[in-house]
Amino acid sequence: MTVCPNCQYENPDDRDFCQECKAYLKWDVPTEEELGPVTPPPPELVDPDAPTVVIGPPHELKPEPVPEPLPVLPAELVQLTLKSGDGGAGGGPVIVRVEPGGEATLVAVVRNQSGIVDNYELRVGGWPEEWWTTSPQIVHLVPAGAESERSEQEVLVRLHPPRAPQAEARSWAVKITAASGTRQGVVAAAPATVEIAPYERFEVRIRPERARGEGSAMFAIPVRNLGNATLVLTLNGEDPDDEVRFDFSPELLEVPAGAESRATLRVSAPRSRAGAERRLTIGAQGEQDTRSLQATFAQAPRITEGRVRSWRWLLALAAALLIAAGSFMSWTGDGLNGICVQGAGECLRYDAFAERFLELDAGSVDAGSLDRLFSFATSIGILTLLLAAIVLLGIRTGGAAWFGGIATILLLIVYLAIAGESGAGVWVAMLGGVLAVVAGLLTTIDARR
């Protein structure tokens with residue numbers, strides 16, 4: 001059995017390292033032949049009066065004091081050199097390039113010059129632990145100059161950053177360190193530079209996919225960068241008719257790695273009378289990839305159903321007011337009104353109209369106290385007043401406005417042909433009739449839509 005001088009553990013004779021503390025056991029010990037035979041001293045040198053020293057059994061021996069801990073070795077007593085995995089020589093900062101999702105390798109050479117048997121664990125500083133592995137994880141080395149075993153060993157360091165935005169495309173300064181198992185600390189380090197290559201990946205959308213407007217519409221274009229470098233997108237658009245104008249803000253969209261951003265798009269086109277469905281193609285072009293999006297610009301017609309209805313109501317109301325107002329105004333050159341509101345001598349009552357323009361003797365009318373009411377009911381303007389009421393009903397249906405307008409125009413044409421003269425009231429009522437006809441025509445347009 002071989003007793004470890006470090007921890008007193010009994011090891012088999014064929015062991016070079018202690019099973020307990022991994023200390024080296026095969027230090028050179030002089031043999032009995034090298035030391036020579038043991039000869040007793042001559043009798044004349046033996047003092048018979050000297051006290052006799054009695055050595056007791058082993059269990060009575062006092063244990064030797066525990067030696068002081070060894071001092072921490074300086075780092076230069078453990079050498080750590082790097083070289084690239086393709087066989088390039090070390091001697092300076094090593095630079096390796098790796099693709100995200102791929103793998104690059106470094107070779108670390110550890111040499112023990114500390115004078116003691118030790119084990120070393122290699123780690124990569126400056127990177128997440130899941131981005132690297134070492135093989136082997138721990139190396140056991142004897143001191144340099146030992147006749148058996150080895151004092152240096154190569155360790156394969158695998159670098160495998162993920163294909164994710166966290167593996168940013170840039171130069172990463174890392175440090176390979178060797179920690180001593182015996183000394184409980186880092187005893188050597190070597191720097192390296194890892195260049196992570198960029199890759200491009202992104203998602204782009206357009207919202208809404210269908211936008212409504214008359215002359216223009218707005219879209220939003222959200223972009224999410226799933227790559228590991230800043231994404232620069234050039235935005236463009238086209239339509240089959242080449243009539244749409246595309247205004248992007250901004251035209252060049254920059255999105256940091258792992259971030260989101262958005263651009264806005266304003267499309268405009270000549271206004272269409274009947275409306276149009278314009279198919280749009282939006283392009284997002286990066287350095288390595290291009291995406292196409294489809295959207296629709298539903299261009300509303302200039303003449304909408306609501307507008308037609310509003311215009312019809314306004315025209316019908318204006319026509320009714322004009323026809324009614326013209327009924328109370330003068331219809332002749334000398335100022336006779338269409339409707340009597342004060343007396344029979346100031347309006348075109350039926351008998352006055354017959355005698356003046358038809359040269360007929362209608363006879364005298366004696367209405368007594370009912371003269372004013374009778375004059376009002378028998379005046380020619382009462383017809384246009386009734387037609388104004390019919391036009392007013394056309395606000396809802398439109399057909400009544402068209403009928404009332406045509407009837408008003410015909411009535412006034414007949415009057416002008418018979419009378420040969422006119423006042424302001426005739427032309428005001430005539431304008432109301434024209435507006436009523438237009439209001440009726442708008443009903444037809446509304447029905448077609």
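The values are calculated or read from the model by the stated rules, or taken from the named source; none is laboratory data. What you are looking at is a predicted structure, and each value in this text was computed from that prediction instead of being measured. All Cβ positions, even for glycine, are placed from backbone atoms using ideal geometry, and neighbour counts span all protein chains on display.
Scanning the range 427-449 for residues that are over 14 Å from LEU315 (Cα atoms) and modelled with pLDDT under 90 gives THR444, ILE445, ASP446, ALA447, ARG448, ARG449. Please specify each residue of the range 223-277 satisfying the condition of being of a type in the set (S, T, N, Q) and either buried (at least 16 other Cβ atoms within 10 Å of the Cβ) or within 17 Å of ALA211 (Cβ to Cβ) (or both). Answer for the range 223-277, where residues must be of a type in the set (S, T, N, Q) and either buried (at least 16 other Cβ atoms within 10 Å of the Cβ) or within 17 Å of ALA211 (Cβ to Cβ) (or both): ASN225, ASN228, SER249, SER261, THR264, SER268, SER272.
From the set of residues in the range 145-189 that are closer than 30 Å to THR230 by Cα and among the polar types (S, T, N, Q), which is surrounded by the fewest Cβ atoms within 10 Å (Cβ to Cβ)?
Going through the range 145-189, the residues closer than 30 Å to THR230 by Cα turn out to be 157-176.
Next, only the ones that are among the polar types (S, T, N, Q) stay: 166, 171.
On the way: GLN166: 13, SER171: 10.
Ranking the candidates gives SER171 first.
Considering only residues in the range 325-370 that are at pLDDT 80 or above and outside any loop (DSSP other than H, G, I, E, B), the one that is surrounded by the fewest Cβ atoms within 10 Å (Cβ to Cβ) turns out to be ALA325.
Checking the condition without any contact (Cβ under 8 Å) to a residue 40 or more places away in the chain and out of contact with any helix residue (DSSP H, G or I) (no Cβ under 7 Å at 6 or more places or on another chain), which residue from GLU209, GLU251, GLU214 passes? Reasoning before the result, please.
Numbers: GLU209 fails: without any contact (Cβ under 8 Å) to a residue 40 or more places away in the chain; GLU214 fails: without any contact (Cβ under 8 Å) to a residue 40 or more places away in the chain.
Result: GLU251 is the single residue among GLU209, GLU251, GLU214 that is without any contact (Cβ under 8 Å) to a residue 40 or more places away in the chain and out of contact with any helix residue (DSSP H, G or I) (no Cβ under 7 Å at 6 or more places or on another chain).
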